[in-house]
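Novice: Below you will find the structure I want to go over with you.
What follows draws every value from the coordinates through simple rules; no lab data is involved. Every value quoted in this text rests on a predicted model; they were computed, and no experiment measured them. Virtual Cβ from ideal backbone geometry, glycine too; neighbours counted across all protein chains shown.
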Amino acid sequence: MKLKLFTLLACVLSTTYIFAQTHSTEIGAETDNDSYLLQGSDRYYTDGIFLYYRHALNVNESSKLENKVLGFEMGQKIFNPRSGSIADVNGVDQPGLIDRPFAAYLYVGSTLNFLYKNESNLKIGAQLGTIGPYAEGKQIQDFVHDNFGFYHPSGWEYQVNNEVELNLSVEYNKLLTRGSWADVSLSSYANLGNGFTGAGVGPLVRLGSFNQLFNSVSTQSTAIRKETVAPLNRHEIFFYYKPMFNYVAYDATIQGGLFDNHAGLEITKDKEPFMFSQQAGVAFSTARFVFDIAATFHTLDDKEMVQTHQWASVTGLYRFK
């Protein structure tokens, strides 16, 4: 009898431990840069910085949802031509060297992530931002280059003009198949706005120790208020590969503002409608921290670019409550 009581108590305590170690809130940052790949490049999508706040909301246990996460973010992306300096040997700018426009995108945004027990999720988002000089791309790049021993940028007077951007997004993921140490999911997105309009689809392959898609680094859902389904693993550590086919209907960092008259020194280009991207990385989590380190390889963005481009991303989050 005592043995049965002890066994029952152990099971209850074990279950409580498994389901109680959750954190409903996380904050963190992401930094993107092509120099992280140690190739000596400084071109195209050259720098990005993002701040994140995510909070898990209450979910009715009888619903199909397992998790619901509200997110807020702000960020900046900076784009160059093949080099951040278009000056020739005599120090004179050569606008003909601009094969992708100088541009920056500065924004604030919010997302709402619905994560279902069947391991699908629907994430909707909205961003309000600006391109052009108001996005502070020149100032940030000048500061970094002048204070960390890089060349001084030149050519930002040719950047795209100012325009306020409103962009909407939706992302859908769905588990397709899973084994003991590997799984494959469908990943897709669509954007609509005067800054960015397009869509993409492709598989996500994970190898290692991962969790379900409703509580995973893969779907930005490591914040969770209450677990009603036991996680596959206490902590995640896995490699992933995500190839994606992309259609671009509009990109304001290439074509300039949709409603702008493109006056002044602004230099814009024609976007490539179809692109292929590949992302490979490693993600892992501890009791409090989440990390995601990835490299992205991207085909040409516009019809005059002379090379493909690539960059690396480092994301770190701290979970609490």
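Novice: Spelling out what I want: for every residue of segment 199-211, take phi, set θ = phi - 60°, compute 6.51 cos²θ - 1.76 cosθ + 1.60 (Karplus), and round to whole Hz; glycine and proline get x.
Specialist: Computed from phi, the couplings for segment 199-211 are 7, x, 8, x, x, 10, 10, 10, 10, x, 10, 10, 10 Hz.
Novice: Cα gyration tensor of segment 81-129, axes a ≥ b ≥ c as square roots of the eigenvalues: rounded (a/c below 1.5), prolate (a/b > b/c) or oblate?
Specialist: Verdict is prolate for segment 81-129.
Novice: What does the C-alpha gyration tensor say about the overall shape of segment 121-168? Classify as rounded when a/c is under 1.5, otherwise prolate if a/b is larger than b/c, or oblate.
Specialist: Oblate is the answer for segment 121-168, as a/c is 1.5 or above yet b/c matches or exceeds a/b.
Novice: Which of ASN233, ASN118, ASN261 moves most in a GNM of the chain, Cα contacts under 10 Å?
Specialist: ASN261
Novice: Output the relative contact order of the chain, whole-number percent, from Cα pairs under 8 angstrom with separation of 6+ residues.
Specialist: 19 percent
Novice: A further question on this structure: Could you order the peptides 138-149, 75-86, 295-306, 105-116 from most to least packed, using the average number of other C-beta atoms within 10 Å per residue?
Specialist: Final packing ranking: 75-86, 105-116, 295-306, 138-149.
Novice: Let me ask another. Calculated FRET efficiency, LEU122 and SER277, Cβ-Cβ r, R0 25 Å, to nearest 0.05?
Specialist: 0.70
Novice: Another question, if that's okay. When the helices in the chain are scored as -39500 (n - 2.57) per DSSP H run of 4 or longer and the sum is shared across all residues, what 222 nm value do you end up with, to the nearest 500 deg cm²/dmol?
Specialist: It comes out at -3000 deg cm²/dmol, rounded to the nearest 500.
Novice: So, one more: Report the calculated FRET efficiency for PHE150 and THR308 (r = Cβ-Cβ distance, R0 = 25 Å), to the nearest 0.05.
Specialist: Computed FRET efficiency for PHE150 and THR308 comes out at 0.65.
Novice: Extent of segment 11-141 along each principal axis, from alpha carbon coordinates, in Å, largest to smallest?
Specialist: Its Cα atoms span 76, 31, 24 Å along the three principal axes.
Novice: Mind pulling the angle between the C-alpha long axis of helix 137-147 and the longest principal axis of the chain? Nearest 10 degrees, somewhere in 0 to 90.
Specialist: Rounded to the nearest ten degrees, it is 90.
Novice: Taking Cα atoms of segment 126-256, Rg/Rh with Kirkwood Rh, to two decimals?
Specialist: Here Rg/Rh amounts to 1.10.
Novice: Equivalent-ellipsoid semi-axes (√(5λ), Cα gyration tensor) for segment 216-304, whole Å, largest first?
Specialist: For segment 216-304, the semi-axes come out at 39, 16, 12 Å.
Novice: Could you compute the net charge surrounding LEU112? Neighbours are other residues with a C-beta less than 9 Å from the C-beta of LEU112; K and R count +1, D and E count -1.
Specialist: +2
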